[in-house]
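Working notes, structure below.
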Amino acid sequence: MTIGTMLRSLPVILVLFASAGAQATDATDDALRVGEVSLVVIDIYGREELERSAGLLGVLRGAMNDIHTGTRHDIIRRELLFRPGDRLDTDLLRETERNLRDLGFLTNVSVVPTDTLPGGVVPLEVRVQETWSLTANVSYSRTSTEDRWSVVGSDNNFLGHGVQLEMGLGEDEDRAFRKLTFTNRRLLGSDIYLHASYVDLSDGHLESLVLARPFYADDTAWGFEAQAWDRRFEPRFYLSQAGPAGDGGEERLYTWLPVSEESFSISWSRRVSREGGARIWRLGLGVYVEDRNYSPTAEIELSDGRRVGRELIFEEACPAICRESGRSVRPIVVIETRGRTWAAEEFVLHYGPTEDLFMEPWWRLTAGPALAALGSDRERFVWDLLARDWSRAGPGFLYTELIGSGSLGSARNRFLSLDATAGWLVHTGRDDVSRLVVEAAHGSDLEGTDAFVLGLTRGLRSMEYDGMAGDRLLRWNAEHAHIIPGELIGFYRVGLAAFYAGGAAWWDGETPGLARTRHEAGFGLRFGPTRSARADLARLDLAWPLNDGGGGPKLTVVTRGFF
């Protein structure tokens, strides 16, 4: 079955799932009932803020309100987990607040009773504030041989309809750059989530489509997800310096291997725990189909400038390349569970709006066999695990996360990848935040595209974005920041931070392993947008390498939740 055929079959699949999931609910008589539900929507800058603003700042704030398109009230009402006449459930009021914040374009959300009328009728007020949702990025550079330019714009609340739209055009390395993504959380007012994407870059292209019915509420009875994608690109394929293609050096080594993917998956899940239970359990079944193939040229260029025959690359990488090439068809079982306890906090990962932290363990396991009888080229048992937890630890929060994947079978079909992160975040006073993060990763028979990469985008500011790579990784980061009171131009919270970080990544068999550990220290600024509901903390840092010959300070700008 081709990807095109699968895409055309999705509407039929949706009808079948919708029919299977329909069910009746029984009303419950209780003393208190939901009455009239009123909405209060505040602009990005409310009336009182505008009245206190003077001069250019007041003009800027007023212009932002005027340019921004307000969210339609029906977009907000469709996210409410209650209707007039329903039993009043305070847990559903708090869960509704979390859902509204999760939209990504509303903040300062509250759902509160306003009165108690005769007959136990309780009117409710839903109060929200708009956030800035439009972004634009324009870049241009000119060299002696070519011009490069790009224009990318996105809006995660397009014209107030709750739709995310991103468009981009440009020219890069004599090739057109095009990007278009569209996401609708609730298609045509239904419970169906739609995401479509087309991206054409200098290193390949991606076409993808996702249709799903998420679990919008904790006690939603059932959900499904169907997705298909077609991708052709040339990712960096990392190699060991101790392997046949290596030269024994300490610099990370990689090449570019063209790869094509055509994949399709569909799964249907149902809540199997009782409604209102202390812990939510969901069980799902589905199928995953993938065609993946590498097409290397006869001669391959390495990152150090050498050119080698592809036989030399395959001598080292074939266990992984051969395992991941060809067709894989496997039925899957999905098990997911989490608790109901969560906390609304500030200044944990961001400096801006309220963050929702699930305070009980959550994990999701997907597993299933690739079977030759269904068309798989190789038989094996594949699993993926994601586990996460926030918990209170003294005056702060302890965060733990485990990401794992692997396959069982013959020696040539086995691999393992485990990545564990632990973080402690503590508020020493409302305006002071200390963070300590440790990450350890271990892999066996990893594909070169799945190597653990340490550098600017993951752990060390004084290195290149992929300064080290391998199937082993250990890193740590300690930081203390003081958040300056007030807002910069009424849009940012700013902090001053000092940090120390260290780490190393290496391949099994490479030496000296941990002896290659890099250390750095420095200070910088932190910027947290307060009028944008989904904006990671931006870091502008000066970092000094502490190893011998590390050189002078490096100026970096990084945006990540955990660095």
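The values are calculated or read from the model by the stated rules, or taken from the named source; none is laboratory data. Computed from a predicted structure; not experimentally measured. Cβ atoms come from the backbone with ideal geometry, glycine included; neighbour counts cover every protein chain shown. The accessibility values were calculated without ligands, DNA or RNA, using every heavy atom of the protein model including side chains. Shrake-Rupley method; radii C 1.70, N 1.55, O 1.52, S 1.80 Å.
Overview of results
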read-out	value
Antiparallel content of DSSP bridges confined to the chain, in %, to 5	95 percent
Linear extension gain, GLU315 paired with SER38, 0.36 nm per residue minus alpha-carbon span	93.0 nm
Net lengthening on full extension, ASP432/ALA242 (0.36 nm per residue, minus Cα-Cα)	63.9 nm
GLU250 paired with TRP342, simple spin-label distance in nm, labels 7 Å along Cα-to-beta-carbon	4.6 nm
Å² per residue, accessible surface of the chain at 1.4 Å	48 Å²
Distance in nm between pseudo-label sites at PHE381 and GLU51 (7 Å out along the Cβ direction from Cα)	6.8 nm
Anisotropy class of segment 321-362 from Cα gyration tensor, a/c 1.5 cut	oblate
Calculated FRET efficiency for the pair ARG87/ARG560, C-beta based, R₀ 51 Å, to 0.05	0.75
Computed E for VAL308/TYR198 - FRET, C-beta separation, R0 30 angstrom, nearest 0.05	0.30
List LYS554, LYS179, ordered by accessible area with a 1.4 Å probe, largest first	LYS554, LYS179
Prolate/oblate/rounded call for segment 415-468, Cα gyration tensor, a/c under 1.5 rounded	oblate
ASN547 paired with ARG148, simple spin-label distance in nm, labels 7 Å along Cα-to-beta-carbon	2.7 nm
LEU398 - accessible surface, heavy atoms, 1.4 Å probe, Å² rounded to 10	60 Å²
Backbone N under 12 Å from the ASP102 label point (7 Å along Cα→Cβ), restricted to segment 195-232	214-220
For segment 184-335: rounded, prolate or oblate by the Cα gyration tensor [a/c cutoff 1.5]	prolate
Largest-first ordering by accessible area, 1.4 Å probe, given options PHE182, PHE452	PHE182, PHE452
Residues ALA221 and ARG292, FRET efficiency given R0 of 30 Å [Cβ-Cβ distance, rounded to 0.05]	0.30
Solvent-accessible area, 1.4 Å probe, carbon plus sulfur percent, for segment 482-530	68 percent
Extension gain (nm, one decimal) between ARG270 and LEU371, 0.36 nm per residue minus Cα-Cα	33.9 nm
For peptides 478-491, 436-449, sequence by mean Cβ density within 10 Å, most packed first	436-449, 478-491
Carbon and sulfur %, accessible surface of segment 228-287 computed with the full protein complex present, 1.4 Å	51 percent
Span-rule helices in the chain, defined as complete DSSP H runs reaching 15 Å or more along the axis (Cα) with Kyte mean at least 1.6	3-21
Computed [θ] at 222 nm, helices only, for the chain once each DSSP H run of length n ≥ 4 contributes -39500 (n - 2.57)	-4000 deg cm²/dmol
